[in-house]
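Written below as structure tokens is the structure these notes are about.
The values are calculated or read from the model by the stated rules, or taken from the named source; none is laboratory data. In this text, all values refer to a predicted model and were calculated from it rather than measured experimentally. Ideal geometry is used to build each Cβ from the backbone, glycine not excepted, and the neighbour counts take in all protein chains shown. Just so you know, the surface numbers come from the protein's heavy atoms only, side chains and all, with ligands and any DNA or RNA stripped out. Shrake-Rupley method; radii C 1.70, N 1.55, O 1.52, S 1.80 Å.
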Amino acid sequence: MAAYFPDVPAIPYEGPDSKNPLAFRHYNPSEVVDGKTMKDHLRFAVCYWHTICGTGSDPFGPGCAVRPWDDLGGTPLEVALRRVDVFFELVTKLGVPFYCFHDRDVAPEGKDLKETNANLDAVVKKLKAKQQETGVQLLWGTANLFSNKRFVHGASTSCNADVFAYAGAQVKKALEATKELGGTNYVFWGGREGYHNLYNTDLKREFDHLAKFLHLAIEYRNSIKLDAQFLIEPKPKEPTTHQYDSDAAACMAFLRTYGLEKEFKLNLETNHATLAGHTMFHEMTYAASYGMLGSIDANRGDELIGWDTDQFPTNLYTTTQMMMVILGAGGLGRGGLNFDAKVRRESFEPVDLFHAHIGGMDAFAQGLKIASAIRKDGGLAKFVKERYASWDTGIGADIEAGKADFAKLEAYMLAKGDVEKNTSGRQEMLENYINRFIK
Ligand code: XUL
Ligand code: CO
């Protein structure tokens, strides 16, 4: 079989001193950290959409990415089948164990739903064969319910019931494809589920329809015995002004309101967190605190740009914080770290796909080592424990145990007169403490 990246070898681990740009300096898959290999901690995945379908287009011009395999001719389906070989060559050379895809990333739409489904079947067959050949596994599947013009008003929240029906048929098929490929998760990102203007929107009816759609998806998943965790991916804006799944807290409130909370976890994305005005540390801590951390779309935004730039993650503070939450939660479970990230328009050569993923993988491997060292040192956990010590005995313990009402609090404070003292939060000291480990 032809090699599509003939000049790129399988990426080796060469250690922190390596100057080879096509080598890992930190990601050493078999290295054990806290009793588990890096490969098992990090559970990396490559995404199909940005990696294979990304062209570098922006609002000011068409794509300029050089992708020689797309210039070899053939029908749209033949091109799609060739792209599967390209993708698996890249994933295996990176040594990444998982991948993720939308139905429309991998196979072209046909003239109607029947032909579209047949196209998907043909590509799924090839994906399955490549998975068997390489050992690469499907982390999650999903359906693209936002690119086609039929989804102009959304999919399950469209004002047009036919669009809801089409989306249902599409997700049914995508769930079947996920099962066929042994996927262990299935993602619902809102796409165009949201609104631009309330003048034309029945917000409550749209939320009801979104919930109805998810209940139908659960019903179908169970009926085909697909063992996949359902994940909702929050994002506050883009493409709509107000996406319904705006952040972790909003998603969790929505899930609880509609009795869906036991069936879903969250797929959190770094750039979506920052678009929502949060840090990823916040979003992950919030979700993990309630057992809702499902999986991660790893990328980053640009502090100077207000949209979803989906850049590859390189910030060690962020990856360290993310790994602190993941280690604290006992791992990613059946989730993973999916690079929902794209190379910049100026990085248009095939080799840039490797540099980008190598950088992201190394940033997380380094973050893992740093987070593990911080946890082993224990200084942070000790500080937090001591900060809340007033809740471990006396009035604090009584409040937590439900043994204090307002009358008791009043009697306690009348006797005491006032709060005796507060202690410093020592934020700067703790920031300096973290810097001791960033190396
Ligand atoms: C969009 C986004 C999606 C989801 C999957 O911002 O992140 O690619 O991850 O639909
Ligand atoms: Co994403």
Yes or no: region 260-282 includes at least one residue that is within 13 Å of ligand 2 (Cβ to nearest atom), among the charged types (D, E, K, R) and buried (at least 18 other Cβ atoms within 10 Å of the Cβ). yes
Scanning region 172-202 residue by residue, those within 26 Å of residue 135 (Cα to Cα) and part of a strand (DSSP E or B) turn out to be 185, 186, 187, 188
If residue 34 satisfies all but one of (1) closer than 21 Å to residue 334 by Cβ; (2) acidic (Asp, Glu); (3) buried (at least 21 other Cβ atoms within 10 Å of the Cβ), what's the number of the condition it fails? (3)
Criterion first (open to solvent by 20 Å² or more (accessible area, probe 1.4 Å) and either assigned by TED's automatic domain parsing to the domain that holds residue 338 or modelled with pLDDT of 95 or more (or both)) does residue 66 satisfy it? yes
Looking at region 40-57, I want the residues that are under 10 Å from residue 336 (Cβ atoms) and have a partner that is of a type in the set (Phe, Trp, Tyr) with Cβ atoms under 6 Å, at least 6 apart or on another chain. Which pairs are those? 42/364; 45/98; 45/99
Residue 351, sole failed condition from (1) more than 16 Å from ligand 2 (Cβ to nearest atom); (2) open to solvent by 10 Å² or more (accessible area, probe 1.4 Å); (3) in contact with a strand residue (DSSP E or B) (Cβ under 7 Å, 6 or more places away or on another chain): (3)
Got a sec? Which of 301, 336, 291 is closer than 22 Å to residue 186 by Cβ, open to solvent by less than 50 Å² (accessible area, probe 1.4 Å) and within 16 Å of ligand 2 (Cβ to nearest atom)? 336
If only one of 147, 156 is closer than 20 Å to residue 245 by Cβ and in contact with a Phe, Trp or Tyr (Cβ under 6 Å, 6 or more places away or on another chain), which one is it? 156
Scanning region 311-327 residue by residue, those open to solvent by 40 Å² or more (accessible area, probe 1.4 Å) and part of a loop (DSSP other than H, G, I, E, B) turn out to be 314, 315
Name, by its number, the condition in (1) under 22 Å from residue 265 (Cα atoms); (2) surrounded by 19 or more Cβ atoms within 10 Å (Cβ to Cβ) that does not hold for residue 330. (2)
What's the total number of residues in region 174-220 that are among the small types (Gly, Ala, Ser), in contact with a strand residue (DSSP E or B) (Cβ under 8 Å, 6 or more places away or on another chain) and either more than 13 Å from residue 164 (Cβ to Cβ) or away from ligand 1 (no atom under 16 Å from the Cβ) (or both)? 6
Can you tell me which condition residue 253 does not meet? The list is (1) over 25 Å from residue 63 (Cα atoms); (2) assigned to a loop (DSSP other than H, G, I, E, B); (3) without any contact (Cβ under 8 Å) to a residue 12 or more places away in the chain, and all the others hold. (2)
Run residue 267 past the list (1) touching a Phe, Trp or Tyr at 6+ places or on another chain (Cβ under 8 Å); (2) within 16 Å of ligand 1 (Cβ to nearest atom); (3) under 25 Å from residue 35 (Cα atoms) and report the number of the one that doesn't hold. (3)
Would you mind listing the helices (runs of 4 or more DSSP H) fully within region 331-439 where at least 3 residues are touching a Lys or Arg at 6+ places or on another chain (Cβ under 9 Å) and touching a residue at least 60 places away in the same chain (Cβ under 8 Å)? 350-377
Hey, could you check region 37-56 for residues that are within 16 Å of ligand 2 (Cβ to nearest atom), closer than 30 Å to residue 330 by Cβ and of a type in the set (A, V, I, L, M) and say which is surrounded by the fewest Cβ atoms within 10 Å (Cβ to Cβ)? 46
Looking at 84, 79 in this structure, which one is under 26 Å from residue 358 (Cβ atoms) and either crowded, with 17+ Cβ neighbours inside 10 Å or in contact with a Pro (Cβ under 9 Å, 6 or more places away or on another chain) (or both)? 84
Considering each residue of region 192-211, count those that are surrounded by fewer than 14 Cβ atoms within 10 Å (Cβ to Cβ) and either of a type in the set (S, T, N, Q) or within 17 Å of residue 262 (Cα to Cα) (or both), and give that number. 2
Take residue 342 and tell me if it is open to solvent by 40 Å² or more (accessible area, probe 1.4 Å), within 16 Å of ligand 2 (Cβ to nearest atom) and of a type in the set (Lys, Arg). yes
Determine whether residue 227 is open to solvent by 10 Å² or more (accessible area, probe 1.4 Å) and of a type in the set (Asp, Glu). yes
May I ask you to say which residue of 21, 59 is open to solvent by 70 Å² or more (accessible area, probe 1.4 Å) and modelled with pLDDT under 95? 59
